[in-house]
Amino acid sequence: MQRRVAGRNFLFVPGPTNVPDRVQRAMLVAMEDHRSSKFPELSLGVLSDLRKVFKTTTGQVFIFPSSGTGAWEAALTNTLSPGDKVLAARFGQFSHLWIDMAQRLGYQVEALDVEWGEGVPLERYEEILRADKRHQIRAVLACHNETATGVTSDIAGVRRALDAANHPALLYVDAVSSLASIDFRMDEWRVDLAVSGSQKGLMLPAGLGILGVSQKALGAAAQASSRRCYFDLADMIKANATGYFPYTPSLPMLYGLRESLNLIFEEGLEAIFARHRYLAEGVRAAITKGWRLTLCAKAPRWYSDTVSAIVVPESANAAHVIDVAFRRYNLALGAGLSKVAGRVFRIGHLGDLNELMLMAAIAGAEMAMLDVGIEVTPGSGVAAASNYWRAHDLVPRQKVSREQQFYEAHSTGSIQG
Ligand code: PLP
């Protein structure tokens, strides 16, 4: 089947997300000297503003020219020494890949296998930490939002488990698909290493690995003997102090980041989290009430507000749904990865988006499912999402009623034109 070319492509993978027009325009810049006396205005501003997004006043944020995976590596190699003990849980492709990286870097990983569809097992973490009387575990890893299964874990709970065990290990959190979309509180949860990337909630192309580091982790970096060079925090700290980078930074990405931070502060972080919850609830209504399908996430406490993984009936192959959606309807849905390949497709609902954009994803997924023989009721997903969004307010009522007054003034003829 030939892919359609007319009309826009509907991008609903859970990253990269749609880049807002304002950010795209901000990125269209001529190259300039990154060692000029003016450059620090840009770099110091974004470095300082990123701290607000991580909700940290005491930590330091670093920007690497990499994807999120580079920030994972920076977090581990700057704070650990070969052979150090790491506690982690595997419940999806991204938590798996982080464990795999830690093993390949030479750390001793105690990896807890958890059913895909659940999240960080807090009780098992606490038990293991309590049993580690000699405090050999140096790092506790937690994936805040497992993008492969659409599962959000309780990071405050991981901190509580560490505290209950009175354990001094550093807390590492993968916030790649949660930062700037799901509430993340670096200081309050005493997260030591918070890993993220540019292409999700920050609404930029991939290309920046972003890392929040606590003072405690910066202290550990001085003792950590893992080999590192390009990702060495010490080089970054030295250069960043005056607003520069140890190597050539990507100017369009930094200008784009400046504008995306402007957009984030204009909407407000809390309003962004509320919008993501509200949009996610509509998508979940489409899946469970409309299509009568199930989410990969096993229970509501795991539901992710940034991505939903939808389990297709046994007789169907989710890869076919994705392919038909792409070729026939110009809709990009997220694939099922690794263990859940063919079993799930994903709708990313994060970043710069609203109800009607998501309606396109829901309608397109519904059409593609029908095309491959999955018996969902035509229109049922759209109807369920619509019912949810119409019954719940995102925009405060007062604002709606002012708009209503404006509309009434027009329709009664008291405003001409
Ligand atoms: N962690 C999570 C939760 C992710 O969703 C991703 C990418 O989708 C990564 C890590 C890896 O990030 P990147 O692809 O930017 O290297």
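The values are calculated or read from the model by the stated rules, or taken from the named source; none is laboratory data. Predicted model, so just to flag it, every value in this text is computed and none were measured. All Cβ positions, glycine included, derive from the backbone under ideal geometry; neighbour counts span all protein chains shown. Calculation scope for accessible area: heavy atoms of the full protein, side chains included, ligands and nucleic acids excluded. Shrake-Rupley method; radii C 1.70, N 1.55, O 1.52, S 1.80 Å.
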Subtracting the Cα-Cα distance of residue 315 and residue 271 from 0.36 nm times their residue separation yields 11.8 nm
I need the Kirkwood Rh of the range 1-88: take the reciprocal of the average 1/r across all distinct C-alpha pairs and report it in angstrom. 17.6 Å
Computed FRET value (nearest 0.05) for residue 298 with residue 409, which takes r as the C-beta separation and R₀ as 35 Å: 0.10
Run through all the Cα pairs of the range 137-219 and give the fraction in each 10 Å bin from 0, expressed as whole percent. 18, 51, 27, 4, 0
What percent of all Cα-Cα pairs in the range 177-246 falls in each 10 Å bin, counting up from 0? 17, 42, 37, 4
Centre separation in Å (Cα based) which lies between the range 287-360 and the range 84-121: 24 Å
I want to make sure I understand the PRE zone here: with the label point 7 angstrom from the Cα of residue 103 toward its beta carbon, which residues in the range 184-222 have backbone N atoms less than 19 Å away? none
Ordering of 379-386, 136-143 by burial proxy (mean other Cβ atoms within 10 Å per residue, highest first): 136-143, 379-386
Evaluate the distance, in nm, between pseudo-label points positioned 7 Å from the Cα of residue 356 and of residue 327 along their respective Cα→Cβ axes. 3.1 nm
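Nearest 5 percent is fine: what portion of the DSSP beta bridges confined to the range 101-222 is antiparallel? Don't skip to the answer; put the middle values down first.
Details: 7 of 16 bridges.
Approximately 45 percent, going by the DSSP bridge assignments.
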Report, by chain and number, residues whose modeled amide H sits under 5 Å from the one on residue 352, excluding near sequence neighbours (fewer than 5 apart, same chain). 18
Need the list of lysines near residue 200 for cross-linking: C-alpha distance under 19 angstrom, and skip anything on the same chain fewer than eight residues off. 52, 55
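For a distance above 17 Å, tell me the whole-number percent of Cα pairs in the range 327-400 that qualify.
Working: 1471 of 2701 pairs.
Result for the distance tail: 54 percent.
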Could you tell me, in Å, what Rg and Dmax come out for the Cα atoms of the range 219-271? 15.5, 42
Cleavage-rule hits, GluC sites (Glu not before Pro), the range 14-108, DSSP coil, Cβ neighbours within 10 Å at most 12: 32
The range 284-378 - convex hull of alpha carbons, volume per residue in Å³: 99 Å³
Using 7 Å Cα-to-Cβ label points, what is the residue 393/residue 206 separation (nm, one decimal)? 4.1 nm
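Give the accessible surface of the chain per residue, rounded to a whole number of Å², with probe radius 1.4 Å and ligands, DNA and RNA excluded. The partial results should precede the final answer.
Values: 18460 Å² over 417 residues.
Here the residues of the chain average 44 Å² of exposed surface.
Could you size up the charge dipole of the range 1-145 around its Cα centre, putting +1 on the beta carbon of Lys and Arg and -1 on that of Asp and Glu, and report it in debye to the nearest 20?
Working: 18 positive and 16 negative charges, 89 e Å.
Charge dipole of the range 1-145: 420 debye, to the nearest 20.
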Which of the peptides 226-234, 198-206 is most tightly packed, and how do the rest follow, judged by the mean count of other Cβ atoms within 10 Å per residue? 198-206, 226-234
In cubic angstrom per residue, the convex hull of the range 25-134 built on its Cα atoms measures 187 Å³
Starting from the residue with the highest accessible area, list 371, 21 in decreasing order, probe 1.4 Å. 21, 371
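Using only Cα atoms, figure out Rg for the chain and give it as a multiple of 2.2 N^0.38 Å.
Details: Rg = 22.6 Å, N = 417, 2.2 N^0.38 = 21.8 Å.
So the Cα radius of gyration is 1.04 times the expected 2.2 N^0.38 Å.
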In debye, nearest 20, what is the charge dipole magnitude of the chain about its Cα centre with +1 on Lys and Arg Cβ and -1 on Asp and Glu Cβ, if you could check? 180 debye
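Calculate the FRET efficiency for residue 341 and residue 30 from the Cβ-Cβ distance with a Förster distance of 41 Å, rounded to the nearest 0.05. List each step's numbers first, then the result.
Numbers: r = 44 Å, r/R0 = 1.06.
Between residue 341 and residue 30 the formula returns 0.40.
Using a 1.4 Å probe on the protein chains only, how many percent of the accessible area of the range 126-274 belongs to carbon and sulfur?
Working: 2830 of 5400 Å².
The value for the range 126-274 is 52 percent carbon and sulfur by accessible area.
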At R0 = 35 Å, how high is the FRET efficiency between residue 113 and residue 248 if r is their beta carbon distance? Nearest 0.05 is fine. 0.25
